[in-house]
Each structure stands twice: as structure tokens, then as C-alpha cells.
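Below: one structure in C-alpha cells.
Every read-out reported here was derived from the displayed coordinates using simple, explicitly stated rules and does not represent laboratory data. The model shown is predicted, which means the values in this text are computed figures rather than measured ones. Cβ: placed from backbone, ideal geometry, glycine included. Neighbour counts: every protein chain shown.
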Amino acid sequence: MKPEPTKSAPAPAPDDPSYYFRFHIPHLHLGSVFGDDWFSLKAEAFARFFGTPVFLVAQSLVVAVWIGINVAGFTKFDVYPFILLNLAFSLQAAYAAPLILLAQTRQADRDKVQADADAQHREALASASEQRQTLAAQQTAQLLELLRQNTQLTELVKNLSQRIEGLTLEMHGKVISQAKRNEDRETPL
């Protein structure tokens, strides 16, 4: 029986530190391998403990002491061929194997979901990068158009300035010539 997905929380804002994990929010219900109650948490911890060096060393010490006590003759509760020890190992394997397999299966599911969320995140980053590149190309084109228009305006201002200068010189020449004529009329010979 698969757990029911919880309602997803709203996506965090871009300035929120958890924004990077926004694609993981729909998969939060997969967070616990065995569930969220007390027993489930202890079962997961127990399954994780089986793979640790502490467990392997402790189990090896218990087996060595068990065999040593029975071989040395301090007690006779499990003499060679150590059938009770084999029964304990069988019982341990009967409980440990399903827990470990369940943990591995659920972890593989979580890894797949995490990989999918990461792929969505990479796609969103690629899309955002593509949008930024498109916007940069548009802005570059607009800037080039503005530069072209600025160049045209500068040339127009230059032409108008030259024309004004020419008209000013022409007017100045006319005013000077008019002034000389008026001066020549006013001065007697």
C-alpha cells in the first residue's frame, strides 16, 4: 500500500533559502522509509545499524565469546556444532533481510524522485539561462538600434550646425556689406 501524497506547500519565494529545493516539495511524503511513527523510526534506525562497522564488530565479539565459552567448557548450553548460535543467526537474518530490502527499495524510490526533482531544477535553470540570453540579445539589438539612431541624430545635428554656420556667415557678410554701404553713403567725398 503506497502512502497518500500530502498536499504540497506553496513554492518558496526566490529569496527564501529553501528555493533551491522547490522541486522536492511534491515528494516530501517519501521522506521516511518506514513511515513517521515511533516504531517506523526505530525500524529504520535498526535497518541502518545492520550495515555499520559497530554492528559487525559487536556481532563478531559476541560470536567469539559464545564459541569460546562453549569450547572452553565453562558452560554446555550450546556445544559444537553450535545449533543455538545458528538458530540465532537464522532468526536475525529472517528479520534483518526484509528490513534491509525494504529500506533499499524505498531508498531507490526516493533516489529516483530526487533525481527527477533535480532534473526539473536543471531544466528550470537551463530555461532561465535561455531566457536571459534571449533578453540579452534583445537588449543588445535595442542598444545597437539606439546607437544607430544616435549616430543619425549626431550627423543631423552636424549638418544643421554647418548649415547654421553657413547661414550665419552669409548673414554676417550681408550685414557687413550693408553696413559698409550705409557708411559709404554717410561719409562725404
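Give me Rg over Rh for segment 117-162, both radii from the alpha carbons and Rh done the Kirkwood way, two decimal places.
1.48
Right, here's the next one. Restricting attention to segment 43-140, which chymotrypsin sites (Phe, Trp or Tyr not before Pro) occupy a DSSP loop and are surrounded by at most 12 other Cβ atoms within 10 Å? Before the final figure, lay out each step's value.
On the way: sites: PHE46, PHE49, PHE50, PHE55, TRP66, PHE74, PHE77, PHE82, PHE89, TYR95; in loops: PHE50, PHE74, PHE77, PHE82.
Here the chymotrypsin sites (Phe, Trp or Tyr not before Pro) that fit, given the DSSP loop and packing criteria, are PHE74, PHE77.
Tell me the label-point distance for the pair LEU160, ARG110, using the 7 Å Cα-to-Cβ offset, in nm and rounded to one decimal.
7.2
Roughly how far apart, in whole Å, are the Cα centres of segment 91-166 and segment 169-186?
71
Where in segment 100-115 is the amide nitrogen less than 15 Å from a point lying 7 Å along the Cα-to-Cβ axis of PHE49?
It comes to 100, nothing else.
Right, here's the next one. Take the Cα radius of gyration of segment 86-183 and divide it by 2.2 N^0.38 Å, with N its residue count; two decimals is plenty. Write down the numbers at each step before the final one.
Numbers: Rg = 41.4 Å, N = 98, 2.2 N^0.38 = 12.6 Å.
Compared with the compact-globule rule of thumb, segment 86-183 sits at 3.29.
Please work out the Kirkwood hydrodynamic radius for segment 72-111, using every pair of different C-alpha atoms, and report it in angstroms with one decimal place.
12.4
Put one equal scatterer on each alpha carbon of segment 43-142, apply the Debye formula with no solvent term, and list log10 I(q)/I(0) at q = 0.20, 0.23, 0.25 1/Å to two decimals.
-1.03, -1.14, -1.21
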